[in-house]
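Working notes, beginning with the structure itself.
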Amino acid sequence: MSETKVALVTGANKGIGYEIARGLGETGATVLVGARDPERGAAAAEKLAADGITAVPLELDVTDPVSVSAAAARIEREYGRLDILVNNAGVIVERGQLPSQVPVEALQRVYDTNVYGVVRVTNATLPLLRKAPAARIVNLSSELGSLTLTTEVGSFHAMYPLLAYNSSKSALNAITVSYANELRDTPIKVNAADPGYCATDLNGHAGPRTPAQGAIAAIRLATLPADGPTAGFFDEDGVKPW
């Protein structure tokens, strides 16, 4: 078995996902650039490769069970295992709507990517992660998913009552804990990373942080040593309240 680590980053053709792929590639890992659009995935992988990173495009739509199964089958066929999984793909559909104005269909769309997509990909690749000596799973969450932070009256977080997005990240935090508990006695570590408010397509490039800054926590969690933490919610400055 090759000693080179194999890392899959979903939604890696742009933004924070792209920078996570770059960071993991700079550690020497072979990075599978997960992207729903194969052309965009190929372009991102080519750009990373031009910078000396071993990057391979992988067509992957986290909302499509067939696509997820096909991607997992390809990883098994070509690499035999997976060392790192970063569930980065995410969407937001609300634009200034009050929670009571958000249709159920919006929640369904957001949850299909932010919640169900994470479970689809994790379950499909878990057999491959188990084959690695010490695999890592990192889920990209958000401060807006923290019940503690968003219930502080007058806080920055309370100013953004995004029903679908916020609740999807709260659910993701709970999912992270569930997987961490199941895998606690294995070499696999499971954590959630908070990239902070970054300028990406997701928010119309409104955030003050860069995608590269947002990628820091996920990269650190994806490369944790054996004695590193598990089931935490982290940003680059340390653990945060769930």
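The values are calculated or read from the model by the stated rules, or taken from the named source; none is laboratory data. Note that the coordinates shown come from a computational prediction; the quantities given were computed from them, not determined experimentally. Please note: Cβ atoms are built from the backbone with ideal geometry, for glycine as well, and neighbour counts cover all protein chains shown. Ligands, DNA and RNA are stripped out before the accessible areas are found, and what is left, the full protein with its side chains, is counted by its heavy atoms. Shrake-Rupley method; radii C 1.70, N 1.55, O 1.52, S 1.80 Å.
Relative contact order, whole percent, for region 14-144 stands at 24, derived from Cα pairs under 8 Å and 6 or more residues apart.
Taken over the C-alpha atoms, the chain has Rg and Dmax values of 16.9, 54 angstrom. Computed from the Cβ-Cβ distance with R0 of 25 Å, the FRET efficiency linking Glu105 to Thr151 stands at 0.40. Karplus-derived 3J(HN,Hα) values for region 201-212, using 6.51 cos²θ - 1.76 cosθ + 1.60 with θ = phi - 60°, are 4, 4, 10, x, 6, 8, x, x, 9, 8, x, 5 Hz; glycine and proline are entered as x.
Ordering Val33, Val66 by accessible surface, largest first, gives Val66, Val33; the 1.4 Å probe counts only protein heavy atoms, with every chain in place.
Once all protein chains are placed together, Ile16 keeps about 20 Å² accessible to a 1.4 angstrom probe. Ordered by 1.4 Å accessible area with all protein chains kept, Leu32, Leu163, Leu147 run largest first as Leu147, Leu163, Leu32.
Once the Cβ-Cβ distance of Ala73 and Val93 is raised to the sixth power relative to R0 = 30 Å, the FRET efficiency obtained is 0.45. Computed from Cα atoms, the angle from the helix 15-26 axis to the main principal axis of the chain rounds to 30 degrees.
Relative to the longest principal axis of the chain, what angle (0 to 90°, nearest 10) does the C-alpha long axis of helix 116-130 take? Orientation of helix 116-130: about 30 degrees from the principal axis.
For the options Asn114, Asn191, Asn181, a Gaussian network treatment of the chain with springs between C-alpha atoms closer than 10 Å singles out Asn181 as fluctuating the most.
Average accessible surface for region 4-145: 42 Å² per residue, computed with a 1.4 Å probe over protein heavy atoms with every protein chain in place.
With all protein chains in place and a 1.4 Å probe, the accessible surface of the chain carries 55 percent carbon and sulfur. When the pairs Lys189/Lys240; Lys169/Lys189; Lys5/Lys47; Lys5/Lys240; Lys131/Lys189; Lys47/Lys169 are compared against a 24 Å limit on Cα-Cα distance, Lys5/Lys240; Lys47/Lys169 fall above it.
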